[in-house]
Amino acid sequence: MNLNIFQQPRKVFIILFSFFFLFSLWIYAIPLFSNYQKPVKESKSIANGRLVWQKYNCHTCHQLYGLGGYLGPDLTNTYSRNKENETYLKGIIKSGVRQMPKFNLTDDETRELLAFLKDVDASGTADVNSYQPEINGTFSLKK
Amino acid sequence: MKNIGIILVRIALLLLLAGLFFGHLASETYQMTEAKNGVLGFLSLRPLHVSSAYLGIITAGLGFISIVIQKRKNTFLSKLLQYSHLALWVIALIGIFYSYFTGDFGGREYWEFNPIWAVPIFVSFIIFLIYYLYQLGFKEKWNVYQWMWLTGIIFFIFTFIENYLWLFPYFRSHFIADMTLQWKVNGSLVGAVNQIIYGVAFYLMEKISGDNKTSYQKLSFALYFLGLFNLMFNWGHHIYLLPTEKIIHYIAYAVSMTEWILFIRIFYKWNKQIKENKQHYYFFPYRFLMAADYWVIINLGMALLMSIPAINLYTHGTHITVAHAMGTTIGINTMIILAASFYFIKPTFLSKKTLKLNSLFFWSTQLILLTFLISLIGMGIQRALWQVGLKKSTFSQMTQASSLWTLLFIILGTLLMIFMGYFIIYLILKSLKKNQVT
């Protein structure tokens, strides 16, 4: 194997970094090209709901798409599981359950948090059973 | 000349100690049935644990770099840069703990503290970058660990900015893009810190073996670039489940698999490794490097499997991921930090008896860590089975079913705190003695 290129680390570094930079710019642009447009008002609630989620650190114990803490269940699709009953979700947040403390959210915060959870839920499913592994090592949504 | 590096190392050791302690407190929550409020609630303990441990690792890395490079130049500017870096870093740390202790936090996972404290961290890193470049200069050819350190510093700065892009509604209102960015940051940030810590390991190996040619070899650089390539493009393996652009998943899958090269190389070099282990076994700093080497095998093996999407689908979101995260931060990062601390602080085990006792502690620590990780994997398997619906039960029934593993996890975690804590306290005390430190 010819490794001579590695004698010029500065060159290799700059080349790799340029690719990385372009890749990053493309990531930042995802909101522009993905078909995910929402009415302005809704989009504002969702953005604020994300802040409420962060402000109260729900991620300490809960995951979205399997990312977050481990003490409680994943909440990606909790909205549709309890769709008929937003009061159930509100109740849990207000009074806590097991290791989950009570949270005193304002009415606006609760509304925005639910808008956020609704949006997360609509974005896909985190239920392992909805996917199937493929022979090449990837997985896909079951038909 | 005052040794600023060692001050950073001492702070780092204290942070690691705090990390162990908060981790122990947080683990107890798993046995509780009610929420605790205030600082002793899980809500505060988890970020305290993660931030202490991770900031400890970063601080240690910066400390060791400082110790190594401060000998090169001792001008007024060097000192000014070093002191301002230290001052800002300490301010940031105080701010972060203040923020957690007063309950004034809420933000991204792992970086929950009030974003205002990100400012001194950011500025201090810029200063550290200037200091680093100033001390090294551009005249001579840099060796591989000097490149690794530069890489770590630059990527930390770059990703740290990305880490706060959520402040703009443009990113925040698009949930999927926001999560993608969040895990791009988490992946690269860990990669950046690893560059710093692995650079320290490289430095130690050079000094211990007395062979400084390796650090300039093409092969060493090739491996460094493999690491860099992964840092840049493999982070998508955290978000296989997230319905983001498919291409991100494919890139991550393909790039992650290039690390098999590292894995295979370890076995290719197996005989050499064993010889080296025997040769330096009684030199204590080496002992921890050796431990780190073996933890690399276990963790890299696990990481490679978990980076295959079809396997990740099942392990994802379970404590198997936690076992991997703790396996690398404790088994690899902290072992290297202990190795370097032993190297720079130079405690000598004069009597055979102390050497024996410390050996015993060393091996106990490794064994406890191994069983600790196994207990996490046990918890993880329980949850994985539940996630695929093999166990028809509610979430709380699942946690009940896994209570034996949980108990084991808490007990072993406590033991780990005691045994690792012993080495850390020992090193802190030794570092305070005069003329100990080089």
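The values are calculated or read from the model by the stated rules, or taken from the named source; none is laboratory data. Just so it is clear, the structure is predicted and the values come from calculations on it, not from any experiment. Virtual Cβ from ideal backbone geometry, glycine too; neighbours counted across all protein chains shown. Remember, those area values only see protein heavy atoms, side chains included, never the ligands or the DNA or RNA. Shrake-Rupley method; radii C 1.70, N 1.55, O 1.52, S 1.80 Å.
For labels at B:THR371 and B:ILE130 in the simple 7 Å Cα→Cβ model, what's the distance in nm?
5.2
Could you compute Rg(Cα) / (2.2 N^0.38 Å) for the protein assembly as shown, with N its residue count?
So the protein assembly as shown has a normalised radius of gyration of 0.96.
Can you bin region B:328-428 into rounded, prolate or oblate? Criterion: square roots of the alpha carbon gyration tensor eigenvalues sorted a ≥ b ≥ c, rounded for a/c under 1.5, prolate for a/b above b/c, oblate for the rest.
It comes out prolate by the Cα gyration axes.
Just to be sure I understand the interface: list residues from region A:120-143 that lose 10 Å² or more of accessible area between the chain on its own and the complete protein assembly, 1.4 Å probe.
Buried-area filter returns A:VAL120, A:SER123, A:ALA126, A:VAL128, A:ASN129, A:TYR131, A:PRO133, A:ASN136, A:GLY137, A:THR138, A:PHE139.
Kindly tabulate the residues in region A:73-101 with an accessible-area decrease of at least 30 Å² between the chain alone and the assembly of all protein chains, using a probe of 1.4 Å.
A:PRO73, A:ARG98, A:GLN99, A:PRO101
Ignoring any ligand, DNA or RNA, what whole percent of the accessible area of chain B comes from carbon and sulfur when the probe is 1.4 angstrom?
Answer for chain B: carbon and sulfur cover 71 percent of the accessible area.
Quick check: pseudo-label points 7 Å beyond the Cα along Cα→Cβ at B:TYR422 and B:ALA254, how many nm apart are they?
The answer from the label model is 5.0 nm.
If you count, for every residue in B:307-320, the Cβ atoms of partner chains within 10 Å of its Cβ, what is the mean?
5
Within chain B, which complete DSSP H helices have Cα atoms spanning at least 20 Å along the helix axis and a mean Kyte-Doolittle hydropathy of 1.0 or higher?
B:4-28, B:42-69, B:76-101, B:118-136, B:144-162, B:218-233, B:284-306, B:403-432
Of the trypsin sites (Lys or Arg not before Pro) in region B:140-233, which ones lie in a loop per DSSP and count no more than 16 other C-beta atoms within 10 Å?
The qualifying sites are B:LYS141, B:LYS213.
In the Gaussian network model of chain A, springs joining C-alpha atoms below 10 Å, which of A:SER34, A:SER95, A:SER45 carries the largest mean-square fluctuation?
Top of the fluctuation ranking is A:SER34.
Anything over 26 Å Cα to Cα? Flag those among B:LYS71/B:LYS275; B:LYS213/B:LYS269; B:LYS139/B:LYS272; B:LYS71/B:LYS141; A:LYS38/B:LYS246, in the order listed.
B:LYS71/B:LYS275; B:LYS139/B:LYS272
In deg cm²/dmol, rounded to 500, what helix-only [θ] at 222 nm does the protein assembly as shown give when every DSSP H run of at least 4 residues adds -39500 (n - 2.57) and the total is split over its residues?
-23000 deg cm²/dmol
Mind checking B:35-44 for the average number of partner chain beta-carbons within 10 Å of each residue's beta-carbon?
4
In peptide B:215-228, what is the residue-averaged number of other protein chain Cβ atoms found within 10 Å of each Cβ?
Average neighbour count from other chains, rounded to a whole number: 3.
Tell me the label-point distance for the pair B:THR102, B:MET398, using the 7 Å Cα-to-Cβ offset, in nm and rounded to one decimal.
3.9
Probe of 1.4 angstrom, ligands and nucleic acids ignored: what's the accessible area per residue over chain B, in square angstrom?
Accessible area per residue: 40 Å².
Can you list the chymotrypsin sites (Phe, Trp or Tyr not before Pro) in region B:115-183 that are in a DSSP coil and have 11 or fewer other beta carbons within 10 angstrom?
Within region B:115-183, the qualifying chymotrypsin sites (Phe, Trp or Tyr not before Pro) (loop, at most 11 other Cβ atoms within 10 Å) are B:PHE138.
Please label the shape of chain B as rounded, prolate or oblate, based on the square roots a ≥ b ≥ c of the eigenvalues of the alpha-carbon gyration tensor (a/c under 1.5 means rounded; beyond that, a/b larger than b/c means prolate, else oblate).
Rounded.
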